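Undergrad: Please read through the structure below; I'll follow up with questions.
Read-outs throughout are calculated quantities, based only on the coordinates presented, and are distinct from any laboratory measurement. Values in this document were obtained by computation on a predicted structure and should not be read as measured data. When we count neighbours, we look across all protein chains shown, and the Cβ atoms used for this are built from the backbone with ideal geometry, even at glycine.
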Amino acid sequence: MSKGTALSNESLLTKLDKYNILFIKEKKVLNCSINTISTYTSILNNFYEYILELDDIKEINELSKEIVVNFLNYGNKSSNNTQILKLAVLKSYFTFIDEKEDLKGLFELRFKKLTIKKESVEVDALTAEEVVRLLELFKKRSSSFNKNRDALLIKLILFTGIRASECLAVKLSDISLIEDESVYKIKIAGKGSKERFVYIKAESIQTELEFLVSAGYITNYITITNTSKPMSRIGLYNMVSNKMKKAKIAKSGVHILRHTFARNLVSKNINLSTISELLGHADITLTARTYAKSDEQSKIRAIIAES
């Protein structure tokens, strides 16, 4: 296109550019995180660039379901999760435009049935033998700060299923002992600032916790470095992964401990509602979809028990 030639869909692009700015501004006012703002901006910019090539679309109400589907499949094939995220952002964006253009829910109705099925992903977890090997690293008592802290954090995640971010936020004041039950009750600030409680047998972490507190290492947050600074998420990830490597476990990451906790509860036939609450899931269907899958041994036991 030569310089000075007007775009045939210039009016549409001008509107989209205006609404992109207003939409992102609204998200900032709602105190969305920097990462969320960045993600929304990137997706909307990509959508704008895609519309830039569609000369035959002149009006905003001509943006159809087919155009959105083609955009989602445009260029390099994105992962299933990325596609779902893009669609969610666009649906929110078009609902916003609906209101600004007074389209009386045009886009909400148009995109209502446009969904992307989430792929079923088999989550990885530690085997019983791998759990034994990991805990074996902490079997002997130690006066080492690092060894006691590492044992405390790994056991805490493994036996409560809390997320890495939740573990990093736990303070000493969040932990209380239910003496009659010999159980620690721990207050957790979960996703969306939703508070819940998790529980762990006192004997599982008492030795490490009492050592770290009595030695003055822990006075506030339990995830600290040997320089008394808060541990970072990558620091927690590296610590857990290094311990797994030392235990000759060919797996890594913090989330695998959470998965192991959930899998163990499922194998014990614990009510899914209880598991969902302990994990801090907003919807029990997420718990069911992710963890409630029987392995071969469970199926064999079921048949033997039935006969």
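Undergrad: Please compute the modelled spin-label separation between residue 101 and residue 124, points set 7 Å along Cα→Cβ, answer in nm with one decimal.
TA: It works out to 4.5 nm between the two label points.
Undergrad: Report the FRET efficiency, 1/(1 + (r/R0)^6), for residue 252 and residue 215, where r is their Cβ-Cβ distance and R0 is 25 Å, rounded to 0.05.
TA: Taking R0 as 25 Å, the efficiency between residue 252 and residue 215 is 0.25.
Undergrad: A further question follows. Name the most mobile residue of 79, 173, 143, meaning the one with the largest mean-square fluctuation, in a Gaussian network model of the chain with Cα contacts below 10 Å.
TA: Among 79, 173, 143, the largest GNM mean-square fluctuation belongs to 79.
Undergrad: If we count other beta carbons within 10 Å of each Cβ, what is the order of 270, 218, 97, fewest first?
TA: 270, 97, 218
Undergrad: If you don't mind, there's one more thing I want to ask. Cβ under 11 Å from residue 275's Cβ, residue 275 left aside: what net charge do those residues give with Lys, Arg +1 and Asp, Glu -1?
TA: With Lys, Arg at +1 and Asp, Glu at -1, the net is +1.
Undergrad: Can you put 101, 26 in order, fewest other beta carbons within 10 Å first? All intermediate terms of the calculation are to be shown ahead of the outcome.
TA: Values: 101 15, 26 11.
The most exposed by this proxy come first: 26, 101.
Undergrad: While we're looking at this one, here's another question. Provide 132, 89, 198, 183 in ascending order of the number of other Cβ atoms located within 10 Å of each residue's Cβ, fewest first.
TA: With the sparsest Cβ surroundings first, the list reads 132, 183, 89, 198.
Undergrad: If the chain between residue 171 and residue 67 were fully stretched, how many nm would it gain, using 0.36 nm times the residue separation less the Cα-Cα distance?
TA: Working it through step by step, the gained length comes to 32.5 nm.
Undergrad: Find the centroid of the Cα atoms in the range 15-58 and in the range 220-258, then give the distance between the two in whole Å.
TA: Here the answer is 37 Å between Cα centres.
Undergrad: Please give, to one decimal in nm, the separation of the simple spin-label points placed at residue 115 and residue 133, each 7 Å out from Cα toward the Cβ.
TA: For residue 115 paired with residue 133, the spin-label model returns 4.1 nm.
Undergrad: Pop out the ³J(HN,Hα) list for the range 136-152 in order, Karplus 6.51 cos²θ - 1.76 cosθ + 1.60 with θ = phi - 60°, rounded to Hz; leave Gly and Pro as x.
TA: So the J values, rounded to whole Hz, are 4, 4, 10, 5, 7, 5, 9, 9, 7, 4, 4, 5, 5, 5, 4, 4, 4.
Undergrad: Hey, rough spin-label estimate for residue 269 and residue 108, points 7 angstrom out along Cα→Cβ, what's it come to in nanometres?
TA: Simple spin-label model gives 4.6 nm for this pair.
Undergrad: Given the Cα-Cα distance of residue 145 and residue 28 and 0.36 nm per residue of separation, how much length would full extension add, in nm? If you can, show how the numbers build up before the last one.
TA: Details: separation 117, 0.36 × 117 = 42.12 nm, distance 4.16 nm.
Full-extension gain reported as 38.0 nm.
Undergrad: When the chain is modelled as a GNM with alpha-carbon springs shorter than 10 Å, which of 260, 223, 36 fluctuates the most?
TA: Of 260, 223, 36, the most mobile in the Gaussian network model is 36.
Undergrad: What are the ³J(HN,Hα) values, in whole Hz, obtained from phi via the Karplus relation 6.51 cos²θ - 1.76 cosθ + 1.60 with θ = phi - 60°, for each residue of the range 162-168 in sequence order, with x given for Gly and Pro?
TA: 6, 6, 4, 4, 6, 4, 5
Undergrad: Tell me, what HN-Hα J-couplings in whole Hz come from the Karplus equation 6.51 cos²θ - 1.76 cosθ + 1.60 at θ = phi - 60° for each residue of the range 271-279, using x for Gly and Pro?
TA: 3, 4, 4, 5, 4, 4, 5, 5, 7
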